[in-house]
Amino acid sequence: MIQFEKVTKRYPGGQEALQAIDFKMDAGEMAFLTGHSGAGKSTLLKLIALIELPTSGHVFINGRSTTTTPRWRIPLFRRQIGMVFQDHKLLYDRSVFNNVALPLIVASTPRQQIAKRVRAALDQVGLLHKENAMPMALSTGEQQRVGIARAVVRKPALLIADEPTGNLDPELSQEIMAIFTRFSEVGVTVLVASHDQSLISSLNRRLITLDQGRMVDPGIGANADTGVFTGDDGNG
Amino acid sequence: MARTSKHGASLKPHARNPIRKGVGRGASVRKKAASLNLSVGGLLGHHMDAAGNSLSRLTTQPFAALMTLLVIGIALALPTGLHLLVQNARLISGEWANAVDLSVYVTPGTSEEALADLSAQIESHPLVDGLIVLTAAEALEDFKALSGFGAALDTLEENPLPATMIVRPNALDENPEKVMELAAELQALPRVDLVQLDTEWVERFHAMLDVVRRVVMVAGILLALAVLVIVGNTIRMEIQQRRDEIEITRLVGGSDAFIRRPFLYTGIWYGALGGLISVVLVTVAVHLVGGPVSRVAGLYGSDFSLRGLADLQWLWLVLGAVVLGAVGSWVAASRHLRHLETG
Ligand SMILES: Nc1ncnc2c1ncn2[C@@H]1O[C@H](COP(=O)(O)OP(=O)(O)O)[C@@H](O)[C@H]1O
Ligand SMILES: [Mg+2]
């Protein structure tokens, strides 16, 4: 599903955000992307979503290299991926229903199908009763669930999330992670970036750990660095 | 940091309540539209949506939109009004050209019979409406009466004036050249000494009108460019305002065409509404000026009245404005959306 081959990413004028990244995720797998703030988690997800291109190396999604994807194909490519963001990226002048419908509308989906699929997606995150609410009227946790409903409304085979629980308290974070786990159980490939070490370790999934743009051996990564991450949490 | 923002968010619903009510109404309208369009295919339906949304977006900032529309309307009304002015001036000068009589001076010493022959010949010319013949004696009487030199002229042994014919040409619609032709033909006749016509100034007037018409055309092109710039700038500002929305739409797989669509419709609406405003402005102006003009014309014994936009001219004006709006927004959207992506 996802394959990184010697991927390096250097932002213009900056240092290397990612260096020599090599990893593979199979279809249906669920993994967490961890590391300090600034380790390169967001950058890695941006390479998957074709928001950025690798400086060298290749990112393959479904066997297709992102580097060779022509500009006009990028929207089609993104329609096959569900993305969840830390800041939700909702449209605050539209109802929950219209927010979730956006990925279908941009793909010219017929209206009858839109209503059906939006309600199915809202049902999956437990927000069916809020379809006419405005996002501002929802709690942060609910807003994030709207973001997830929007990400899955097109039933993507791949779901990526960048710190989806970043602004949530532990209980709500657990809820959100449970939703991702459920999608993984029905065959969706899920990659979630998070620096919340205690939350991740409780879920017992594969870890991809980054440290200053490099991959850390996943075997050691999880427990050995816990102390460091807690310290980071305090000042971040 | 993480925790405070949660509280911040939970406070907002109360503050936002009035807005929510307003939007709720919008949502029910949208639902109605959705049920009406169930049979319409996806893409067409979305186009109609985009057009409707763009229009309703104009009403969210009614004052700014109205200002822009007025500026567009005025920019279009100016060259249109000037164009009408030139057209009307041509009509008037056409009337004047027709009103010009030709004075035909007959060679002195021409006999009465020859004069009668000549007048019959001229009268039968297809371009001639009628003529008045003044014999040399009659011409002298006329001149005496008009000049006041009666006593002085009595001392003359011989009549110095030639026989004269006042020739009235046919109504030659807007065609001063025909009058010139007639004059040349009459001049060529035997026993015609001199043909005088006073259309030279009419010609000069027409030449000047041609210059003015060119100026109006240039002004029209410049003002059309101004409309392009106004629409382009308005679209640029709207793109700035809707940056987040554009970014999010891109992230969920919106194509360039999809993202550009609402801005294109905004431009088209600006063109259409601005065009209609210009039609109203021109029509009102014609009505305001038309009354006095007719009165002046009446004083000069003419039934001339100011002509406004003819038959479907108003439609062409609006269509032209729509094209300007579409082109302006297309250029601006393509440019600024690309810029937004890289920047
Ligand atoms: N758009 C950008 N331009 C320049 N540098 C960037 C940009 N985005 C991220 N970086 C840098 O790349 C590194 C990795 O950032 P990021 O991927 O956001 O890390 P994380 O998500 O793990 O916190 C950081 O040093 C950051 O400053
Ligand atoms: Mg990040």
When you go through (1) away from chain B (no Cβ under 11 Å); (2) over 30 Å from residue A:210 (Cβ atoms); (3) not in a helix (DSSP H, G or I) one by one for residue A:117, which number turns out not to apply?
-> (3)
If you scan the stretch A:189-209, which residues turn out to be more than 14 Å from chain B (Cβ to nearest Cβ) and either within 13 Å of ligand 1 (Cβ to nearest atom) or not in a helix (DSSP H, G or I) (or both)?
-> A:189, A:190, A:191, A:192, A:193, A:204, A:205, A:206, A:207, A:208, A:209
All but one of (1) hydrophobic (A, V, I, L, M, F, W, C); (2) more than 13 Å from ligand 1 (Cβ to nearest atom); (3) modelled with pLDDT of 95 or more hold for residue A:44, so report the exception by its number.
-> (2)
Residue pairs meeting the criteria (Cβ under 7 Å; at least 6 apart or on separate chains; first within 14 Å of another protein chain (Cβ to nearest Cβ) and within 10 Å of ligand 2 (Cβ to nearest atom), in the stretch A:29-48; second open to solvent by 40 Å² or more (accessible area, probe 1.4 Å) and part of a loop (DSSP other than H, G, I, E, B)) = A:37/A:195; A:37/A:236; A:46/A:52
May I ask you to say which residue of B:296, B:280 is under 25 Å from residue B:66 (Cα atoms) and open to solvent by 40 Å² or more (accessible area, probe 1.4 Å)?
-> B:280
So residue A:59 clears everything in (1) touching a Lys or Arg at 6+ places or on another chain (Cβ under 7 Å); (2) of a type in the set (A, V, I, L, M); (3) within 16 Å of ligand 1 (Cβ to nearest atom) except one condition, right? Which one?
-> (1)
Do any helices (runs of 4 or more DSSP H) lying entirely in the stretch B:149-256 carry at least 3 residues that are in contact with a strand residue (DSSP E or B) (Cβ under 9 Å, 6 or more places away or on another chain), and which ones are they?
-> B:176-188
Just one of (1) touching a Phe, Trp or Tyr at 6+ places or on another chain (Cβ under 7 Å); (2) within 16 Å of ligand 2 (Cβ to nearest atom) trips up residue A:23, so point out which.
-> (2)
Test: residue A:112 is facing another protein chain (nearest Cβ under 8 Å) and in a helix (DSSP H, G or I) = yes
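With the requirement that a residue be part of a helix (DSSP H, G or I) and open to solvent by less than 40 Å² (accessible area, probe 1.4 Å), what does the stretch A:146-175 give you? Steps first, please.
From the stretch A:146-175, those part of a helix (DSSP H, G or I) are A:146-152, A:170-175; that's our starting set.
Residues satisfying the conditions are A:146, A:147, A:148, A:149, A:150, A:151, A:152, A:172, A:173.
Being under 17 Å from the mean Cα position of the chain (by Cα) and either open to solvent by 60 Å² or more (accessible area, probe 1.4 Å) or polar (S, T, N, Q) (or both) is the filter here; which residues of the stretch A:54-65 pass it?
Result: A:62, single match.
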Can you name every residue in the stretch A:68-95 that is over 20 Å from the mean Cα position of the chain (by Cα) and of a type outside the set (Asp, Glu)?
-> A:68, A:69, A:70, A:71, A:72, A:73, A:92, A:94, A:95
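Quick check, is residue A:79 more than 25 Å from residue A:145 (Cα to Cα), out of contact with any Leu (no Cβ under 8 Å at 6 or more places or on another chain) and more than 16 Å from ligand 2 (Cβ to nearest atom)?
No, not satisfied.
The values are calculated or read from the model by the stated rules, or taken from the named source; none is laboratory data. On a predicted model such as this, the values are computed, not experimentally measured, just so you know. Cβ atoms come from the backbone with ideal geometry, glycine included; neighbour counts cover every protein chain shown. Accessible surface areas use protein heavy atoms only, side chains included; no ligands, DNA or RNA. Shrake-Rupley method; radii C 1.70, N 1.55, O 1.52, S 1.80 Å.
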